[in-house]
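Computed from the coordinates by the stated procedures, all read-outs in this text should not be read as laboratory data. Nothing here was measured: the structure is a model prediction, and the numbers come from that model. Cβ placement follows ideal geometry from the backbone for every residue including glycine, while neighbour counts extend to all protein chains displayed.
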Amino acid sequence: MSSYNNSVCLNEARRVAIFGGTHGNEMSGVTLVNLWVKNGAEIQRKGVETKPFITNPRAVEKCTRYVDTDLNRAFTPENLSALGGDDLPYEVQRAQEINRIFGPKGSPEAYDVIFDLHNTTSNMGSTLILESSKDHFNLQMMNYIKKAIAPASCLVLLNEHPLLKYSTSRSVAKHPVGLEVGPQPQGVLRSNIFEAMRVILKHALDFIDLFNEGMEFPPCTVEAFRVTERIDYPRDANGNIIAMVHPNLQDCDWEPLNPGDPMFQTFDGKTIRYQGSGPVYPTFINEAAYYEKQQAFVTTRRETLVASSIRKA
Ligand SMILES: CC(=O)N[C@@H](CC(=O)O)C(=O)O
Ligand SMILES: [Zn+2]
């Protein structure tokens, strides 16, 4: 990466992957990737190798999030270098295979871009997930997609929290992009969610095409929601949940939550209110997969990210 005339010069993005089935019960990504494995015309762009890939085929077969352990937490340095072969948990073996094919993570040989397709049971709409506020290629891509799909909306969730960040499948790429679309129940396909995902992928690939063709993207800003805190359900001494997401908060992803606002409702009807400083913007509210992770929702704060001008080297 070098700077010239204020533009950040980056290599062309020639190797792109689209991951589906990182969670085997999130059906939009599973279905789109299976479709594109059969016929990739829709995702082909000149001079780009775009590989659609089912990352967790055993979980897809069983229509479950994972078999042994969450694949989207498995790409740690320890796991990727672990010895043990067939004795390792299935997803750890799979992470090593994926790292061999699309990585190695952090190396110059790694794929340029990986899109990882997810669904949420939360009412989040279309959300792009970034892992770095300094990835100018990805920031420019976010800006491009947001403009291309307007007046439909697509929000950007930034997770670079030192404790809450996790080791994703897409993290083996130079430019990792998560795409989370909801609400959609686990194991279910909804046409509106499926189409929303499909159209965002189209614009993302168009952006890569324009960049490779030599278009210069001027400096811009991108509004993002930065992950700040994980909020668990209230629990008793045995760890059992004693309250639900409050009806005033349910389905209100991305809406401001202020001190004193209702957050949970106990089984005997008492309201538990938000006590932190605000406003925060909750998201992943009541996500089904997060009960096991002790998480009722995450709080975020709004931030304006600045993207430098980019063009190909
Ligand atoms: C509901 C769900 O699976 N969400 C994803 C978010 C992400 O890809 O970062 C996960 O927890 O792995
Ligand atoms: Zn997922």
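Please go through segment 4-44 and give me each residue that is more than 16 Å from ligand 2 (Cβ to nearest atom), of a type in the set (A, V, I, L, M, F, W, C) and part of a helix (DSSP H, G or I), ordered by number.
Result: 35, 36, 37, 41, 43.
I need the full set of residues from segment 180-209 which are under 23 Å from residue 284 (Cβ atoms), among the β-branched types (Val, Ile, Thr) and in a helix (DSSP H, G or I), in order please.
Answer for segment 180-209, where residues must be under 23 Å from residue 284 (Cβ atoms), among the β-branched types (Val, Ile, Thr) and in a helix (DSSP H, G or I): 193, 199, 200.
Would you check which residues across segment 70-124 are part of a loop (DSSP other than H, G, I, E, B), within 18 Å of residue 159 (Cβ to Cβ) and aliphatic (A, V, I, L, M) and list them?
Answer for segment 70-124, where residues must be part of a loop (DSSP other than H, G, I, E, B), within 18 Å of residue 159 (Cβ to Cβ) and aliphatic (A, V, I, L, M): 74, 124.
Is there any pair linking a residue in segment 122-144 that is without any contact (Cβ under 8 Å) to a residue 40 or more places away in the chain to one that is assigned to a helix (DSSP H, G or I) and among the polar types (S, T, N, Q), with Cβ under 8 Å and at least six apart or on different chains, and which?
These pairs meet every condition: 132/138.
Which of the residues spanning segment 47-74 are without any contact (Cβ under 8 Å) to a residue 60 or more places away in the chain and within 11 Å of ligand 2 (Cβ to nearest atom)?
Across segment 47-74, the qualifying residues are 56, 59, 66, 70.
Say we look at segment 4-36 and pick out the residues that are crowded, with 24+ Cβ neighbours inside 10 Å and hydroxyl-bearing (Ser, Thr, Tyr); which of these is farthest from the chain's Cα centre (by Cα)?
28
Inside segment 230-260, can you point out the residues that are under 23 Å from the mean Cα position of the chain (by Cα), surrounded by fewer than 16 Cβ atoms within 10 Å (Cβ to Cβ) and on the phi < 0 side of the Ramachandran plot?
Within segment 230-260, 232, 250, 255, 256 qualify.
Any residue at all in segment 261-281 that's touching a Ser or Thr at 6+ places or on another chain (Cβ under 7 Å) and on the phi > 0 side of the Ramachandran plot?
no
Restricting attention to segment 171-225, and to residues there that are of a type in the set (Lys, Arg) and farther than 18 Å from residue 27 by Cα, which single residue is surrounded by the most Cβ atoms within 10 Å (Cβ to Cβ)?
If we take residues in segment 171-225 being of a type in the set (Lys, Arg) and farther than 18 Å from residue 27 by Cα, then 174 is surrounded by the most Cβ atoms within 10 Å (Cβ to Cβ).
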